[in-house]
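First up is the structure itself, then whatever we jot down about it.
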Amino acid sequence: MTEDDNWVRIYTGSDFLASLLKVELDNAEFKGMIRSDKDAGLHSGFASSGFAQVYVRKDQLDEAMKLTQAFEQKMK
């Protein structure tokens, strides 16, 4: 099993909103990470989509999803 097998995507949205969600996850002491094509696109001379994905560890999925759902409701 690789390290990536321990992570699950919980959110896809703009780089900005993904960053805000990551802060909320950090404040709630969840282990999260953001994957975005923004930097890779800029370095290679291509435009990025402006979207990012937020991932959490599988063992924190249920509680992190509750926080993510509350976050999405606030952002509407």
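A short reminder: the numbers here are calculations on the coordinates, not readings from a lab. Since the model is a prediction, treat every value here as computed from it, not as a measurement. Please note: Cβ atoms are built from the backbone with ideal geometry, for glycine as well, and neighbour counts cover all protein chains shown.
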Practice task
Any lysines with Cα under 20 Å of the LYS58 Cα? List them, leaving off those in the same chain fewer than 8 positions away.
Solution key: LYS22, LYS31, LYS66
Problem - Computed label-point distance, nm, for sites ILE34 and THR12 using a 7 Å Cα→Cβ extension - result: 1.8
Practice task
Could you work out how far apart the two model spin labels at ASP59 and GLU72 are, taking each label as a point 7 Å from the Cα in the direction of the beta carbon, and quote it in nm?
Solution key: 2.6
